[in-house]
Amino acid sequence: MINISRMELLEKINCLKREKDAAILAHYYTVSQVQDAADCVGDSLALAQQAVKLRNKLLVVCGVHFMGETVKILSPDKKVLLPDMNAGCSLAESCDYAAFKRFVDDHKGYTVVSYVNTSAAVKSLTDICCTSGNALAIVNSLPASEKILFAPDRNLGDYIKTQAGRKDMVVWDGACHVHEQFSVEKIVELKKQYPNAKVLAHPECKKPVLILADKVGSTAALLKYSQVSDDREFIVATEPGIIYQMQRSNPQKIFIPAPPADSTCGCNDCEFMKLITLEKLYLCLKNESPEIAVEESLRRKAEKSIVRMLEMSKNLG
């Protein structure tokens, strides 16, 4: 433990950033103190895209492991750090490379569309990456006759399959432990307490939650909706770290985290995102460790699926 105040710790982090020409990238789901210390705050793909634009040669990714890998894939010449290597992702880990390779091999002739929330190894087996924000547009852009294998999130995959009206779409059976746990019953109870509240849900949630939602969208899309909507009360069915940014830009509005089924705490935190603390960020910058490494041949294979997504996204507007 570092026995200094939060303000002193932030000062030390800022000094190290200047000294080492470093930039800090933080995901919306990290703790508020880490978001405050960051140069860029966003979802996983936005952070990777921002990393490419930054001139800094040292980047600290405050998020989970696959995010660090994605940044390294797109910025191979930069040193990429992750404050805690134990910050994994239940969704990425639900798609094991060896098992997924067998699944892909069993579906010859299918176009593999994988969520960005996957390992570099899984991305290397992927034809086109996607995000929760562009998955529907990417699937819709493919010919109606094209067979699609979607991975790894079953809830997002089923949602896209229904929205796109795709019959020839096979979905891998993976899930995010945070979004799987939201309780429809408890959201209904909250709606009774806040009858005017709009329900915002991430498409990784189960179908009953999505049916109940007024707005289904990516983390960034839900944040934007909360900013432009004239409504003043929102029940938020995604990782509650995003509420910090929602509240910052909308101090006059009320945001209520949707509760999980098996908890009375009123929140549904991602235990992995919360491993990234201000203290670990400081030590990571100070020691320039732990470092994310992606073997070059794997990186090149994985990069193709991300680049194809970025190119398709330009044409999709």
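The values are calculated or read from the model by the stated rules, or taken from the named source; none is laboratory data. Here the structure is a predicted model, which is why all the values come from computation and not from measurement. Positions of Cβ are backbone-derived with ideal geometry, glycine not excepted, and every protein chain shown enters the neighbour counts.
Below are the figures for this structure:
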quantity: Complete set of residues in segment 227-262 that are within 23 Å of residue 63 (Cα to Cα) and assigned to a helix (DSSP H, G or I); calculated: 242, 243, 244, 245, 246, 247, 248, 249
quantity: Close pairs (8 angstrom Cβ cut-off, 6 or more residues apart or separate chains): more than 19 Å from residue 143 (Cβ to Cβ) in segment 291-317, among the β-branched types (Val, Ile, Thr) and assigned to a loop (DSSP other than H, G, I, E, B) anywhere; calculated: 302/126; 302/294; 306/116
quantity: Subset of segment 73-88 [farther than 30 Å from residue 169 by Cβ and not in a loop (DSSP other than H, G, I, E, B)]; calculated: 79, 80, 81
quantity: One residue from 91, 125 being assigned to a loop (DSSP other than H, G, I, E, B), hydrophobic (A, V, I, L, M, F, W, C) and under 25 Å from residue 179 (Cβ atoms); calculated: 125
quantity: Per-region count, segment 116-147, residues farther than 24 Å from residue 221 by Cβ, touching a residue at least 24 places away in the same chain (Cβ under 8 Å), surrounded by fewer than 23 Cβ atoms within 10 Å (Cβ to Cβ) and hydroxyl-bearing (Ser, Thr, Tyr); calculated: 1
quantity: Single unsatisfied condition, residue 268 versus (1) surrounded by 14 or more Cβ atoms within 10 Å (Cβ to Cβ); (2) of a type in the set (S, T, N, Q); (3) modelled with pLDDT of 95 or more; (4) part of a loop (DSSP other than H, G, I, E, B); calculated: (3)
quantity: Segment 52-73 - residue that is within 17 Å of residue 42 (Cβ to Cβ) and surrounded by fewer than 20 Cβ atoms within 10 Å (Cβ to Cβ) and, of those, farthest from the chain's Cα centre (by Cα); calculated: 56
quantity: Search result, residues across segment 96-117 that are under 19 Å from residue 135 (Cβ atoms) and not aromatic (Phe, Trp, Tyr); calculated: 104, 107, 111, 112, 113, 114, 116, 117
quantity: Among (1) touching a helix residue (DSSP H, G or I) at 6+ places or on another chain (Cβ under 8 Å); (2) farther than 20 Å from residue 51 by Cβ; (3) among the hydroxyl-bearing types (Ser, Thr, Tyr), the one test that residue 305 misses; calculated: (2)
quantity: Criterion: of a type outside the set (Asp, Glu), modelled with pLDDT under 95 and either surrounded by fewer than 19 Cβ atoms within 10 Å (Cβ to Cβ) or in contact with a strand residue (DSSP E or B) (Cβ under 8 Å, 6 or more places away or on another chain) (or both) - qualifying residue of 188, 184; calculated: 184
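Matching residues to (1) of a type outside the set (A, V, I, L, M); (2) surrounded by fewer than 18 Cβ atoms within 10 Å (Cβ to Cβ); (3) without any contact (Cβ under 8 Å) to a residue 60 or more places away in the chain:
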site	(1), (2), (3)
149	no, no, yes
152	yes, no, no
180	yes, no, yes
209	no, no, yes
217	yes, no, no
220	no, no, no
229	yes, yes, yes
